[in-house]
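J.: Got a structure for you, questions after.
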Amino acid sequence: MNKFHGTGVAIVTPFQADGQVDYTALGNLINYLIDGGIKYIVSLGTTGESATLSNEERKKVWAFTAQAVKGRIALVAGIGGNNTADVVEQLKQFDANGYDAILSASPHYNKPTQEGIYQHYKAIAENSPLPVILYNVPSRTGSNVNAATVVRLAHDFKNIIGIKEASGNFDQINQIMRDKPGRFLVISGDDPVTLPMIALGAVGVISVVGNALPHQTSDMVRLCLAGDFKSAQKEHSALIEFTRLIFAEGSPGGVKTALKHLGICGDTLRLPLVQVSDSAVTAIYAEIKKLTK
């Protein structure tokens, strides 16, 4: 699974001013990221505002993305939800052509037990046409996939190949690293802690920052994976303020603001998300100028 070593980017979904998907801008973004040196794209993860797209829109975005990428890098589709039967049906209908894996966030809102989470992912593993990457993001889902559940899933299902871990809980991350099978990938799901996670054995990041700054993010991750943490620390430090700013008023509002300034796509979001404040725009633009001069 070397194709998932390095920098992946959970890409935004560009919208036109009227809220329709902007496919021209999506194509521009894809080329910008590939030129920026990223290793793979996650299409329609949380950053892609997947919750506000219809089933037909999701199918069109996935098909367009595969066509635009043309096999130049690896592709992952975000397919998840809190209704296990519905997720299984989505997997059965998914056109996997051009894709390499599925990223599936743990069920939100329901707050299942660890056994419920295990059974949810068991159903996904048994029905997925592609390898599965777990996604643990308690700040959004309202529940944590604990280390024992992750390790149990990793051992029980060979097609569950890794986890995007965004709990920020380093005790939990340590336990996963210690007990997982050797083939199982741990991927940072949180830009600010990518460097220390790689130091512990993570193989890279699925980044939001990388939408706007693919070169800088990829360079930092490559240095980490090469063991040059002294040089990586400089790159990491340079990104701290930009990272803070783009998440300050929610994601992907902040990174779409940066992408608008860079001329890649507009900053339109779908409700209930709204654009960031004028003061945030000013601060993001100023930081982008520093980082891209």
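J.: Rounded to the nearest 5, what % of the DSSP beta bridges within the chain are antiparallel ones?
T.: 5 percent
J.: Rounded to the nearest 0.05, what FRET efficiency do Asn174 and Ala148 give with R0 = 22 Å and r taken as the Cβ-Cβ distance? Could you check?
T.: About 0.95, to the nearest 0.05.
J.: Using a Gaussian network model on the chain with a 10 Å cutoff between Cα atoms, which of Gly263, Gly254, Gly27 fluctuates the most?
T.: Between Gly263, Gly254, Gly27, it is Gly263 that shows the largest mean-square fluctuation.
J.: Per residue of the chain, what 222 nm ellipticity follows from adding -39500 (n - 2.57) for every DSSP H run with n ≥ 4, rounded to the nearest 500?
T.: Working: 12 runs with 139 residues, N = 293.
Calculated from helices alone, the mean residue ellipticity at 222 nm is -14500 deg cm²/dmol.
J.: Right, next: Assuming a viscosity of 1.306 mPa s and a temperature of 10 °C, what translational diffusion coefficient in µm² per second does Stokes-Einstein assign to region 120-212, Rh being the Kirkwood radius over Cα pairs?
T.: Working: Rh = 13.4 Å.
Estimated via Stokes-Einstein, D reaches 119 µm²/s.
J.: For region 134-182, which semi-axes, largest first and in whole Å, follow from the square roots of 5 times the eigenvalues of its Cα gyration tensor?
T.: Values: eigenvalues 61, 30, 13 Å².
Semi-axes (√(5λ), whole Å): 18, 12, 8.
J.: Give the lysines whose C-alpha is closer than 23 Å to that of Lys234, dropping any in the same chain fewer than 8 places away, or say none.
T.: By straight Cα distance, Lys234 reaches Lys39, Lys289, Lys290, Lys293.
J.: Compute, for Leu262, the solvent-accessible surface of its heavy atoms (probe 1.4 Å) with the complete set of protein chains present, and express it in square angstrom to the nearest 10.
T.: Looks like 50 Å² after rounding.
J.: Once the cut-off is 26 Å, how many percent of the Cα-Cα pairs in region 111-265 end up in the long-distance tail?
T.: Values: 3840 of 11935 pairs.
I get 32 percent for the Cα pairs in region 111-265 exceeding 26 Å.
J.: I've got another one for you. Per 10 Å bin from zero, what fraction in whole % of the C-alpha pairs of region 79-147 is there, up to the bin with the longest pair?
T.: Percent of Cα pairs in each bin: 22, 56, 21, 2.
J.: Going by amide H atoms built from the backbone, whose H comes under 5 Å of the H on Gly45, apart from near neighbours?
T.: Ile11, Gly78
J.: Taking one equal scatterer on every alpha-carbon of the chain, how large is log10 of I(q)/I(0) by Debye at q = 0.08, 0.12, 0.14 1/Å?
T.: The calculated log intensity ratios at q = 0.08, 0.12, 0.14 Å⁻¹ are -0.31, -0.72, -1.01.
J.: Okay, moving on. Taking 35 Å as R0, compute the FRET efficiency from the Cβ-Cβ separation of Ser237 and Tyr109 and round it to 0.05.
T.: On the way: r = 37 Å, r/R0 = 1.05.
Step by step, r from the Cβ atoms, then E = 0.45.
J.: If only Cα atoms are counted, what is the Rg of region 175-249, and what is its Dmax, in Å?
T.: Rg then Dmax for region 175-249, in Å: 12.5, 38.
J.: Near the amide H of Ser207, under 5 Å away, which other amide H atoms are found, from residues 5 or more places off or on another chain, if H is placed in the peptide plane?
T.: Here the answer is Gly8, Val9, Ala10, since their amide H atoms fall under 5 Å of that of Ser207.
J.: How would you rank 67-80, 171-184, highest first, on the average number of other Cβ atoms within 10 Å across their residues? Please report the intermediate quantities before stating the final value.
T.: Details: 67-80: 19.5, 171-184: 15.4.
Output ranking for 67-80, 171-184: 67-80, 171-184.
J.: Taking 7 Å along the Cα-to-C-beta vector as the label spot, tell me the Phe229-Asp95 distance in nanometres, rounded to one decimal.
T.: Going from the Phe229 label point to the Asp95 one covers 4.6 nm.
J.: Let me ask something additional. How large is the translational diffusion coefficient of region 1-127 in µm² per second when you combine the Kirkwood radius over alpha carbon pairs with Stokes-Einstein at 37 °C and 0.692 mPa s?
T.: Working: Rh = 15.3 Å.
So the translational diffusion coefficient is about 215 µm²/s.
J.: Just to confirm, what accessible area per residue do you get for the chain at 1.4 Å probe, in whole Å²? Don't jump to the answer; show the numbers that get you there.
T.: On the way: 12360 Å² over 293 residues.
Accessible surface, normalised per residue, equals 42 Å².
J.: I'd like to compare 278-285, 195-202, 108-115: which one has the highest average count of other Cβ atoms within 10 Å, and what's the full order after that?
T.: Sorting 278-285, 195-202, 108-115 by mean packing, highest first, produces 195-202, 278-285, 108-115.
J.: In addition: Restricting the count to DSSP beta bridges whose residues both fall in region 1-129, what percent are antiparallel, rounded to a multiple of 5? Please report the intermediate quantities before stating the final value.
T.: Working: 1 of 11 bridges.
Given both bridge residues lie in region 1-129, the antiparallel proportion sits at roughly 10 percent.
J.: Where the convex hull is taken over the Cα atoms of region 198-293, what is its projected area averaged over directions, in nm²?
T.: Values: hull surface 26.0 nm².
The directionally averaged projection comes out at 6.5 nm².
J.: As a test question: what accessible area, to the nearest 10 Å², does His215 have when a 1.4 Å probe is rolled over all protein chains in place?
T.: 100 Å²
J.: Once you've got the Cα coordinates, tell me which of Lys70/Lys111; Lys60/Lys256; Lys164/Lys230 are over 31 Å apart. Mind dumping the intermediate values first?
T.: Values: Lys70/Lys111 39 Å; Lys60/Lys256 21 Å; Lys164/Lys230 25 Å.
In this structure, Lys70/Lys111 exceed 31 Å between Cα atoms.
J.: Sticking with this one: With θ set to phi - 60° and the Karplus curve 6.51 cos²θ - 1.76 cosθ + 1.60, what are the ³J(HN,Hα) couplings of region 198-212 in order, to the nearest whole Hz, using x for Gly and Pro?
T.: Per residue, the Karplus-derived 3J(HN,Hα) values read 5, 4, 8, x, 5, 9, x, 9, 9, 9, 9, 3, x, 4, 8 Hz.
J.: Computed FRET efficiency, Cβ-Cβ of Ala248 and Ala123, R0 45 Å: what is it to the nearest 0.05? Walk me through the intermediate numbers first.
T.: Values: r = 37 Å, r/R0 = 0.82.
Efficiency computed from Cβ-Cβ geometry: 0.75.
J.: Would you check the accessible area of Asp191, probe 1.4 Å, heavy atoms only, in square angstrom rounded to 10?
T.: Surface open to solvent at Asp191 totals about 20 Å².
The values are calculated or read from the model by the stated rules, or taken from the named source; none is laboratory data. Note that the coordinates shown come from a computational prediction; the quantities given were computed from them, not determined experimentally. Cβ coordinates were reconstructed from backbone atoms using ideal geometry, including for glycine residues, and neighbour counts include every protein chain displayed. When the accessible area is computed, the model is the full protein with side chains, heavy atoms only, and any ligands, DNA or RNA have been set aside. Shrake-Rupley method; radii C 1.70, N 1.55, O 1.52, S 1.80 Å.
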